[in-house]
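Contents: one structure, followed by commentary.
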Amino acid sequence: MNGEIAFCLDHAKISPPTGTSYGGGNAYKNEQVRAILYYGYGGVENEVGNNDTGLVATTIALDSVMNNNHSSGRERIPGYKKLMEHAKKKDVPSTSIKFSKTKVQSYLEGNVQKTEKITFNADKKNSITLNIPKEVTLHYEGKKFSNKKVKITGGGSFHFTAPLDYGKDIKYEKLKPSLGKYQSILFTASSSKYQRLGSGLLTDPEPNINLSVGFEVRQKKINVQHIDKYSGEVLEKESYTRNIGSTYSFAPKKSISKGKEKFIPVNTNKKTGTLGKDVTIKFYYNLERSINVNYFDDRTGEKIKESKNYKKVRGEKYSEKHPSIKSGEYKYRYVRTDGDKESGIVGSKNIIINYYYDKPLAKLGFEKLQIYTVQWEKGLPVKVYLSKELNYKSSLKDMTDKKITVAVYRGTTKVTSKTYTAKELPKKINMTIPAKYLKVNDKALYTVKFTEFDKSDYKIYAAASTLSTDGYAASEKTIKATSEKQKELSYKGVVMTEKTPSTGKVYYEKLNFPLAKIEKKKTGYGFERKVNLHYENEIGGKVAPAFDFEVPTSLVDSYLTYKKSGDRSLITMEQTKALNKKQGETSVYDLVYELPHINVERHTGNLFSDDQVESKDKRIAYELVDGGRKFYSPIWAELGKYDTKIKSKPMGVNLVKTEVTEQLELYASMYAHMDSKTIDQDEVLLKPVYADNPFPNGLPEGWAKKDLDWIMSR
């Protein structure tokens, strides 16, 4: 029929001859017939084969169903029974197709958009093909598919996922299944005497299925702006895409740098929320400014303390004050400030505050004051010893500009001073107390002080700010003595006074020598005079004494040439022994002074000095005898008591003079003579060898007869 095989359905009727007219055929909705046609000869799933047996089995089965004719023997036809089972089951694959949902909308799951599961309700032998876009993923049978065509078989379930930023809908319209509609067609002849004919028809797939999958962008924009609070300028910005419904939390940055400028957040509060639409988050910042506080030495410009550096933002208050700064034992003196104000409100510029300090150029103190004894007319030497600690290099300008005076006072009167710069100030200063403030044997208290200085330039030791000690002018005394009253001449005088902050000391000179009486003598006899001088000076001074033996000129032999002063003669004593040693700082002298050596002429008794002998004085006529270091009175000197003196020139530091007075008593004569009142004590009496004529050649010159008579009477 129409080029397709047709099966006779009514075997009890006449088979139509060729050419019999049949109608166009109508769909015959009999599931049993459709099943036999589907699985029978020529069917879609032919199970009986394409041979004659299969053909017979198919047509017999159709007749059995159409006419309810189940005559015996039919089951013996191969394939018949199988076809009848299909007829009973009516199991021709359904050509009906349907999606469990024809319109689905995606929802959020994690970080993707996802649809619910869709089932392709169709016979498992049927299928459809879906074209999957590259941005979308089809999840089917445990596999994922994108950017390809995927075959979905009947009964299969699937779902779609897409990125959150995907916002297009997918529409599948008029999807065609792989199986067309299978239907049985019944053809009826124009005469009822002929069998009806039946045929199976597989039509093209019908475009009767649609599927719509809805996606929407599931993310929103979050714009974060960092803004200068004062100018409104956006310093930095960021943009983020986040899932709708997700929570967000943003905090301001710790700081933002723009060139050399740094901005700090006004506050550090976070901004949080749940994303439902585009969001703009604004954080406000303040310009950060540095506050630098510096501490300098005003004299040198050098830093004396680590700078103080901290940050403030525009609009904040700041306040500074110069601190107290110590350097060892010193507390720096605050001098001045410059730069920005010490307090105020931070603006657009950095703040710089400079504090300036200084400390004394030097720390000074008196270590020692010494005043030396000298003759007042020369002025008293003063030595001042200083302790000096410099706090700055000597090259500093202030060291040559800032002055200080060291002055010596007698009471309230300044008697001498010297002015120095800090650089020049020595550790030892020599000064002199002028003579106009002095006199012989003067004693006064003197004080050394620092004056005429700025206390900010010099620090003075409190315990050593002044020193006071007595000063002595040379006593210039004459020390008079006699052995009748003293066994020794002695003197002790101040040669120097010394004062330190903790001690005071007086240094002395001492001299002494023993005294001895002159034994009474007869005329013409000599005697010794010695000075055994012992001298000590506690500061090591020297001594160079000079002694004279003073006698009446009438007792001096006329041949001797001694210095004369009026009726007195001065015999210069000679140093015959000198011993000098040191005992620590003390110098010790042991000196011996004696009368000059004398030579005595035989026969005449004339006296001559060594110098006269050496120069061969013409008056020397006879042999000379060693007279020792003695003073000889004249043979014909008048008896009596004579004052002698040992006098010294000024000696020692105090320029003392000594004057030892002793009496020389001439109690008898060397030669007895007629006028002698001490004839019993006189030493020598001359008698003539020839008593009757002692002077045959006449009386000696100057003699008178009475002289001769006196001799003759003795």
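Could you check, for the stretch 55-66, whether at least one of its residues is of a type in the set (Gly, Ala, Ser), out of contact with any Lys or Arg (no Cβ under 9 Å at 6 or more places or on another chain) and surrounded by 18 or more Cβ atoms within 10 Å (Cβ to Cβ)? Step through it out loud before you land on a result.
First pass over the stretch 55-66, keeping only residues of a type in the set (Gly, Ala, Ser): 57, 61, 64.
When the remaining residues are screened for being out of contact with any Lys or Arg (no Cβ under 9 Å at 6 or more places or on another chain), the result is none.
No, the stretch 55-66 contains no residue that is of a type in the set (Gly, Ala, Ser), out of contact with any Lys or Arg (no Cβ under 9 Å at 6 or more places or on another chain) and surrounded by 18 or more Cβ atoms within 10 Å (Cβ to Cβ).
Does Val531 count as among the β-branched types (Val, Ile, Thr), in a loop (DSSP other than H, G, I, E, B) and either surrounded by fewer than 12 Cβ atoms within 10 Å (Cβ to Cβ) or touching a residue at least 40 places away in the same chain (Cβ under 8 Å) (or both)? So that I can check it myself, show each step before the final result.
Working: among the β-branched types (Val, Ile, Thr): yes; in a loop (DSSP other than H, G, I, E, B): no; either surrounded by fewer than 12 Cβ atoms within 10 Å (Cβ to Cβ) or touching a residue at least 40 places away in the same chain (Cβ under 8 Å) (or both): yes.
Answer is no for this residue.
Only one of the numbered conditions (1) within 50 Å of the chain's Cα centre (by Cα); (2) charged (D, E, K, R); (3) not in a loop (DSSP other than H, G, I, E, B) is violated by Lys254, and that is (3).
Looking at the stretch 230-239, is at least one residue of a type in the set (Asp, Glu), at pLDDT 90 or above and over 30 Å from Ala162 (Cα atoms)? Spell out how you get there, then give the answer.
Applying the first criterion (of a type in the set (Asp, Glu)) to the stretch 230-239 yields 233, 236, 238.
Next cut, at pLDDT 90 or above only: 233, 236, 238.
Subsequent filtering for residues that are over 30 Å from Ala162 (Cα atoms) retains 233, 236.
Looking for residues that are of a type in the set (Asp, Glu), at pLDDT 90 or above and over 30 Å from Ala162 (Cα atoms), one finds at least one in the stretch 230-239, hence yes.
If you go through the stretch 52-66 and keep only what is of a type in the set (S, T, N, Q) and touching a residue at least 24 places away in the same chain (Cβ under 8 Å), you end up with Thr53, Thr58, Thr59.
Yes/no per residue for (1) closer than 30 Å to Ile170 by Cα; (2) assigned to a helix (DSSP H, G or I):
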{"site": "Lys29", "(1), (2)": "no, no"}
{"site": "Arg34", "(1), (2)": "no, yes"}
{"site": "Asn46", "(1), (2)": "no, no"}
{"site": "Thr53", "(1), (2)": "no, yes"}
{"site": "Ala57", "(1), (2)": "no, yes"}
{"site": "His86", "(1), (2)": "no, yes"}
{"site": "Ser94", "(1), (2)": "yes, no"}
{"site": "Val104", "(1), (2)": "yes, no"}
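As a summary of the residue check, Gly493 satisfies the conditions (1) buried (at least 19 other Cβ atoms within 10 Å of the Cβ); (2) over 60 Å from the mean Cα position of the chain (by Cα); (3) not hydroxyl-bearing (Ser, Thr, Tyr) except for the one numbered (2).
The set of residues from the stretch 667-703 being touching a residue at least 60 places away in the same chain (Cβ under 8 Å), hydrophobic (A, V, I, L, M, F, W, C) and not in a loop (DSSP other than H, G, I, E, B) comprises just one member, Ala668. The residue of the stretch 534-568 that is farthest from Tyr491 (Cα to Cα), among those that are assigned to a loop (DSSP other than H, G, I, E, B) and of a type in the set (Phe, Trp, Tyr), is Tyr559. Only a single criterion out of (1) surrounded by 15 or more Cβ atoms within 10 Å (Cβ to Cβ); (2) in contact with a Pro (Cβ under 6 Å, 6 or more places away or on another chain); (3) at pLDDT below 95 is not satisfied by Met651, namely (3). Return the residues of the stretch 624-666 that are under 30 Å from Ile371 (Cα atoms), of a type outside the set (A, V, I, L, M, F, W, C), touching a strand residue (DSSP E or B) at 6+ places or on another chain (Cβ under 6 Å) and not in a strand (DSSP E or B); say none if nothing qualifies. Scanning the stretch 624-666 gives Pro650, Gly652, Asn654. Can you name every residue in the stretch 137-156 that is in contact (Cβ under 8 Å) with a residue 24 or more places away in the chain and either under 60 Å from the mean Cα position of the chain (by Cα) or closer than 17 Å to Ile170 by Cα (or both)? Within the stretch 137-156, Thr137, Lys151, Ile152 meet the criteria. The condition of being under 19 Å from Leu201 (Cβ atoms) and of a type outside the set (Asp, Glu) does not hold for Ser64.
Check the stretch 695-712 and report whether any residue there is in contact with a strand residue (DSSP E or B) (Cβ under 7 Å, 6 or more places away or on another chain) and surrounded by fewer than 15 Cβ atoms within 10 Å (Cβ to Cβ).
So the first thing to find is which residues in the stretch 695-712 are in contact with a strand residue (DSSP E or B) (Cβ under 7 Å, 6 or more places away or on another chain), and the list is none.
No, that holds for no residue.
Suppose the filter is basic (Lys, Arg), closer than 30 Å to Val384 by Cβ and over 60 Å from the mean Cα position of the chain (by Cα); does Lys499 pass it? For Lys499, the condition - basic (Lys, Arg), closer than 30 Å to Val384 by Cβ and over 60 Å from the mean Cα position of the chain (by Cα) - is not met. Taking the numbered list (1) more than 14 Å from Leu186 (Cβ to Cβ); (2) among the polar types (S, T, N, Q); (3) in contact with a Lys or Arg (Cβ under 8 Å, 6 or more places away or on another chain) in turn, Gln32 passes all entries but (1). Phe120 fulfils the conditions (1) over 24 Å from Arg218 (Cβ atoms); (2) not polar (S, T, N, Q); (3) not in a strand (DSSP E or B) except for a single criterion, (3). Taking every residue in the stretch 241-262 that is of a type in the set (Asp, Glu) and pairing it with any residue that is part of a strand (DSSP E or B), at least 6 positions away or on another chain, the pairs with Cβ-Cβ distances below 9 Å are Glu261/Leu287; Glu261/Glu288. At least 3 residues that are buried (at least 17 other Cβ atoms within 10 Å of the Cβ) and out of contact with any Gly (no Cβ under 7 Å at 6 or more places or on another chain) in each: list the strands (runs of 3 or more DSSP E) lying fully within the stretch 270-351 that qualify. Because the criterion is at least 3 residues that are buried (at least 17 other Cβ atoms within 10 Å of the Cβ) and out of contact with any Gly (no Cβ under 7 Å at 6 or more places or on another chain), the strands (runs of 3 or more DSSP E) in the stretch 270-351 that meet it are 279-297, 303-313. Checked against the criteria, Leu591 counts as of a type outside the set (Gly, Ala, Ser) and in a strand (DSSP E or B). Could we say that Ile209 is without any contact (Cβ under 8 Å) to a residue 60 or more places away in the chain and surrounded by 18 or more Cβ atoms within 10 Å (Cβ to Cβ) here? No, not satisfied.
State yes or no: is Leu511 crowded, with 16+ Cβ neighbours inside 10 Å and farther than 21 Å from Thr373 by Cα?
Judged against the criteria, Leu511 is not a match.
The set of residues from the stretch 557-578 being among the hydrophobic types (A, V, I, L, M, F, W, C) and without any contact (Cβ under 8 Å) to a residue 40 or more places away in the chain comprises just one member, Ala578. The set of residues from the stretch 460-490 being surrounded by fewer than 17 Cβ atoms within 10 Å (Cβ to Cβ), under 38 Å from the mean Cα position of the chain (by Cα) and touching a residue at least 40 places away in the same chain (Cβ under 8 Å) comprises Tyr461, Ala463, Ser465, Thr466.
A single member of Thr115, Thr119 is surrounded by 21 or more Cβ atoms within 10 Å (Cβ to Cβ), in contact with a strand residue (DSSP E or B) (Cβ under 6 Å, 6 or more places away or on another chain) and not small (Gly, Ala, Ser), and it is Thr115.
The values are calculated or read from the model by the stated rules, or taken from the named source; none is laboratory data. The structure displayed is predicted, hence computed values, not measured ones. Every residue, glycine as well, gets a Cβ built from its backbone with ideal geometry; the counts of neighbours run over all protein chains shown.
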